[in-house]
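These notes concern the structure reproduced below.
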Amino acid sequence: MTGSLKPLFSDLDRGLRELTRGAAAAVELADAVRQSLSETLRPHVVAAARRGDDLVVIVDSAAWATRIRYAGPRLREALEARGEVVQGKLRVRVGRPAAAPGA
């Protein structure tokens, strides 16, 4: 590899591994959030992420965001029972679900 491109690609493998780990952690967190909610609310969770100490739950509409905010104390308890500690605030945001592959 030429000298000018070498710095760009030297840490590529490590960066991709970190990105893969982060994506897997986000999927696991979203699954844990879904499993901690009632069956009515589960399908409306698009994603979940940690932002500092806060837990951000992304849902598909404002109506479901309100219901999940209302279920917040039970969600926090259920997550903590699963070993997912939520130290900060529970934040609920509205976002669009990702398009299905091939759609």
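The values are calculated or read from the model by the stated rules, or taken from the named source; none is laboratory data. Values in this document were obtained by computation on a predicted structure and should not be read as measured data. Ideal geometry is used to build each Cβ from the backbone, glycine not excepted, and the neighbour counts take in all protein chains shown.
If the condition is being surrounded by 18 or more Cβ atoms within 10 Å (Cβ to Cβ) and more than 19 Å from G22 (Cβ to Cβ), then the range 32-66 contributes S36, L37, L41, H44, V59, W64, A65. When the range 44-85 is filtered for residues that are closer than 15 Å to E28 by Cα and not small (G, A, S), the ones remaining, listed by number, are V45, V46, R50, L55, V56, V57, I58, L79, E80, R82, E84, V85.
Among the residues making up the range 70-89, those that are farther than 11 Å from V33 by Cα, among the hydrophobic types (A, V, I, L, M, F, W, C) and at pLDDT 90 or above are A71, A81.
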